[in-house]
1. Within 12 Å, Cβ to Cβ, of THR503, how many net charges do the neighbouring residues add up to if Lys/Arg are +1 and Asp/Glu are -1?
2. Modelling each spin label as a point 7 Å along the Cα-to-Cβ direction, I'd like the VAL118/ARG34 distance in nm, to one decimal.
3. Using a cut-off of 14 Å between beta-carbons, work out the net charge of the residues near GLY581 (Lys and Arg +1, Asp and Glu -1, GLY581 not included).
4. With +1 on the Cβ of every Lys and Arg and -1 on the Cβ of every Asp and Glu, and nothing else charged, how large is the dipole of the range 627-756 about its Cα centre, in debye rounded to the nearest 20?
5. Give the calculated FRET efficiency between ASN168 and SER411 to the nearest 0.05, with a Förster radius of 51 Å applied to their Cβ-Cβ distance.
6. Which distance in nm do the two modelled labels at GLN488 and ILE736 give, with both placed 7 Å along the Cα-to-Cβ direction?
7. Report, in debye and to the nearest 20, how large the dipole of the range 422-481 comes out about its Cα centre when Lys and Arg carry +1 and Asp and Glu carry -1 on their Cβ.
8. What's the ranking of 127-135, 615-623 by average number of surrounding C-beta atoms within 10 Å, highest first?
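The values are calculated or read from the model by the stated rules, or taken from the named source; none is laboratory data. Model, not experiment: these values are computed from the prediction. So basically every Cβ, Gly included, is an ideal-geometry build from the backbone, and we count neighbours across all protein chains shown. Heavy atoms of the whole protein, side chains included, go into the accessibility calculation; ligands, DNA and RNA do not. Shrake-Rupley method; radii C 1.70, N 1.55, O 1.52, S 1.80 Å.
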Amino acid sequence: MLFPLTCVSMSFILHFIKIEGAVFSEVYWTTAIRLSEYSGYKSVSLLSYNIPSQTTQVTFTFQAKTSGSACTFREVHVYFQHGSYPLVTPYNETFPEDFYTNRTEAYNIQIVKDADPVSYLMTAPKPGTWYFTAFLPKNKNDKIEQKGFDKSCLYGMVVIVEAVGLDNIPQLDIDMQNQIALTQDTLHSQRTFRFSLPSHAVKYNVRIDSCNVKLSEQPNDAEDENSSNESQTGNNSSFTNETTYRVTVDNATANGPLSSKEITTSTTTAATTSRMTTAPLVPTTPTNINNCPVLVHIQSGSLSLNGAVSMTDCGNKTVCKESILSPDVEGWTYITMEIDKTYSVSELSFKLHFTVEECESLKLYIPKTIFHPKPVHTAHVGPSQDSCILISPLGRFVWSEQTFNVTYVLSDRGGIPAPMPITGLNVEDHFVLVMSFSIQEMTDIGGTLALHADLNLQEFDISHQNVTVYICLMKTKIPGGSTVRDCQNGLLLTMNMTTIENTVYIPYPEPGVWFIGFNSQCFDENGQSVWCNSVPTVDLSLGLSGCVRGQCGEYGVCQDYISGVHVFSSCKCFAGWRGYGCTDGTEGRTKHEELVALLLLTLSNLFFLPAICLATYRRYFVEAVVYTYTMFFSTFYHACDTSDLVYYCMLRYDILSFADFLGSISSFWVTMLVMSKLPWRVRGFAQTIGVLGVAVGVEYDRHGLLVFAVPAGLAAVIMVGSWIFQCKRQRKLYPIKRYFLFHFLPGVILALTGLSLFAFLETENNYKYTHSCWHIAMSLSIVFLLPTRPRKGTNTDTTTNQSSLETNITNANSQVLLYSYANLPNGSTVREINMEAIDNPSYISPYS
């Protein structure tokens, strides 16, 4: 399927189908985006798509195309990720220190053929927004291509998303007892339900009891079924990112223990999945069974029907129970149950119970009022974080209306919230202190989340104890109990007596509710865990900013960018430095190289001084001002484009760039006008109109070919036209041959040499040399092309009176005094002498 690159304003759904209210299918064609060559994250193009909940399978199809057959297709790199913008480091750029770059559900592909669709199939995708970034790889040739001189090739891409899932999945009430029935028929041998957890849930338990089993008359072949289940599990484990919990289920009417069985346990990748292989059960009677052969699969967020399951043998236990700590409290949790086909069971029913434990919620955080009795003191104790206290959510303090400028504050301490660090958090060892904050999808994910913690030991008794403080940061999960110390699915920061502070940065954080859990642990002189004699306190600083706290190191500047509807911050790096924070100097230029570049690109502008002095001496004051303006702003522009000055003048970088291009093109315009034979009033009018037009063109596209070619071409037409007119008028060559040989020809050669260097020979490596030569060639060409000073009394504004008087000239090759009179207020007259002889070229500037 081909797509037009101009289709950039509409996104639409092709079709939406529902089948029997049980299955849905959705096909979505995203907006076409234009691709750019990679030069840092600022050059990527962004797309997004929202995957509905209960989606079981999704296919992403990517298609890229060039603008025409004359353009060579270039490989397209595509990264996509759930939740937030993917971190793109295609050339192994390093990140700044303390950056957390782990990403969940992140993928990348390459498109190598023009208009050739590339598909990626994913089972059990996470619901919510998926983000796509695409770009072209760097050109192996480091030649700087001037816009307009080389053919312009456009590259674009679309993404076609096909999602398939279940609709109207029945919902379980976790506050009630649920009766579940399974049979061996096709529709009810496997059943999937969904349930939601309270926002403060730190733990929940699943319990199955009252199991009623009816055996079938024909036992199944256990080995074949077991092999089939294992094969199915193995084929799907690589496509899922799920958490599956083993549930041990027992019948309430046990008739004695079963014979011992060999149990084999294995774990799949990216999942906490237990698989237990057992020998088939051979009942003595069709209705006598002492276990509940149920396979249970629990998963948060995404829905997988064919993923790995937990195969369980109840044994002779009376109750089956499993505890899930720190569950995902956002979205749906799915539970799939089916009959274990290794047993000959035709019908099975049981009761399903849920119990939920929530964090104790405090509306006002006053550390001294929180009292929880400790167990009896013993010499050596293990970790104890059974209690969980959740204080009120952190407030958002926005410093200004600039993007990505948020400080999180504790808003319940009275008065107006101040953008100050959160101080004096008491971190106990016998309960977990939890606080929450939110990341907004449209306004926050383009920045960088910064968390800094300091351990305050001023009031801690360090005479006989060492302390370790654990800080666990998790998204949509409350880090309670032992989770706060292992923090397997989150980000763990630790502080102790030697490391009293810690910092972490999360670029482009995923939106949603984030939880921070605090807990401490004390050790005696022998390294044994003991109860803490005193309570350590922590000071916390949490905020959102662009790049790295709004900075990009020594060789970059932080800027905000827009791609479609997506806003993000990114560093613009200089001097060969790269990376998210411009801290990767593997390809960076040395201080010596930058100093050489700085001196060459700035001092080469001093070659405008001869042109400025000559224009002033010859009374071309307007031209002298333009040359001075060009030299000044070109010097500052190139100084800001190199070395350490980047940071200090980057806020005015765009203005300096505009002024540099405006001065350069205006210098061509005024020089060619002064070379023309025009009346001075006409020339002044043309200079003003030309500079105004150049300003508009530079603002529209300062790097385009037309912004230079149009004024230069128009000035050349005016200049040549005036020369032809003078040739016809004087009936001889204009200007004289001497000017052509010794002024015009050298000046044109210098100008063409400079243009050739600028347009065709500049590369990233030789830029400081070739561009400096361009400065020198163009400024020196003015010295040759600038006309000589008009002689005193010369009036180039030919009037009607002069034309009438010219008929009285009898000798075209001799000077003639022309008389004219002007009336004065008192009636007297004054005689003016005009020394101009129209047909005598010897006096005409600049060619005498």
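1. On the way: positive: ARG549; negative: GLU97, ASP98, ASP454, GLU501.
That sum, taken over residues with Cβ under 12 Å, equals -3.
2. 2.3
3. On the way: positive: LYS42, ARG549, LYS572, ARG578; negative: GLU93, GLU97, ASP98, GLU554, ASP584.
Net of charged neighbours comes to -1.
4. Numbers: 11 positive and 6 negative charges, 271 e Å.
Dipole of the range 627-756, to the nearest 20 debye: 1300 debye.
5. Working: r = 41 Å, r/R0 = 0.80.
Efficiency for this residue pair is about 0.80.
6. With each label point 7 Å from Cα toward Cβ, the separation is 9.7 nm.
7. On the way: 2 positive and 7 negative charges, 53 e Å.
That gives the range 422-481 a dipole magnitude of about 260 debye.
8. Details: 127-135: 21.9, 615-623: 16.9.
By packing density, highest mean first, the sequence is 127-135, 615-623.
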